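The values are calculated or read from the model by the stated rules, or taken from the named source; none is laboratory data. In this text the structure is predicted, and so the values were computed from the model without any measurement. Here Cβ is always computed from backbone atoms with ideal geometry, including for glycine, and neighbour counts include all displayed protein chains.
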Ligand SMILES: Nc1nc2c(c(=O)[nH]1)N[C@H]1C(S)=C(S)[C@@H](COP(=O)(O)O)O[C@H]1N2
Ligand SMILES: [Mo]
């Protein structure tokens, strides 16, 4: 790791390397949405985890905020080849939600779904171990609606299409079930370091 100073004067944590085929978008943060940005207030937002779990449940905005806060500072990588270094998100680790619902031993995958109907599939293991969040703050401010506010999934070690904006819930499964982009030829897991962009990669 090295530290560079951006125009804001804030030291920016930066990895030495970009995943293969990626470029540094710098201060730009492109918006990539298949849907129209929904008009979704914190009061209307909820997050549910069900499927193969012992205690399916939903959290509203206040209930989710009562869980221990957790932060991510690091990089994000979009499959369209932009990456951003040293971004800062805050929210709650998915470990905290999964701890409450307790996935069955048979659980292997999830489908994450948005309030808009967007879906994406992930191995359950990619959501545990402090590597995935429900995020509602970016750079210390509320997450902007076009970037998934009030809250989005954040799984920064995978390509960013896995980080469903306007997250509504996770369905826990004992098999893999392709989501929106995955049904359209994108990779089931999407590890940027192995350049898993398309289903044959
Ligand atoms: N609901 C929803 N989530 C989504 C998407 C989308 O179209 N709809 N696009 C994905 C893709 S391809 C990327 S790169 C990131 C983009 O997030 P951003 O617009 O905040 O940069 O969101 C991901 N999550
Ligand atoms: Mo993307």
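Scanning the stretch 80-119 for residues that are within 11 Å of ligand 1 (Cβ to nearest atom) and either in contact with a helix residue (DSSP H, G or I) (Cβ under 6 Å, 6 or more places away or on another chain) or over 23 Å from residue 194 (Cα atoms) (or both) yields 89, 113, 114, 115, 116, 117, 118. Please enumerate the residues belonging to the stretch 47-77 that are within 16 Å of the chain's Cα centre (by Cα), surrounded by fewer than 18 Cβ atoms within 10 Å (Cβ to Cβ) and touching a residue at least 40 places away in the same chain (Cβ under 8 Å). The answer is 48, 70, 73, 74.
Just one of 64, 135, 107 is over 14 Å from residue 163 (Cα atoms), modelled with pLDDT of 95 or more and not in a helix (DSSP H, G or I); which is it?
Exactly one of 64, 135, 107 is over 14 Å from residue 163 (Cα atoms), modelled with pLDDT of 95 or more and not in a helix (DSSP H, G or I), namely 107.
When residue 146 is tested against the conditions (1) assigned to a strand (DSSP E or B); (2) more than 16 Å from residue 79 (Cβ to Cβ); (3) within 16 Å of ligand 2 (Cβ to nearest atom), the lone failure is (1). Test residue 153 against the stated conditions and say whether it is more than 21 Å from residue 22 (Cβ to Cβ) and either in contact with a strand residue (DSSP E or B) (Cβ under 9 Å, 6 or more places away or on another chain) or within 16 Å of ligand 2 (Cβ to nearest atom) (or both). When the stated conditions are applied, residue 153 does not pass them.
Pairs are defined by a Cβ separation below 6 Å, a sequence spacing of at least 6 or placement on different chains, a first member in the stretch 172-187 that is on the phi > 0 side of the Ramachandran plot and at pLDDT 95 or above, and a second member that is in a loop (DSSP other than H, G, I, E, B) and away from ligand 2 (no atom under 13 Å from the Cβ); the pairs so defined are 185/199.
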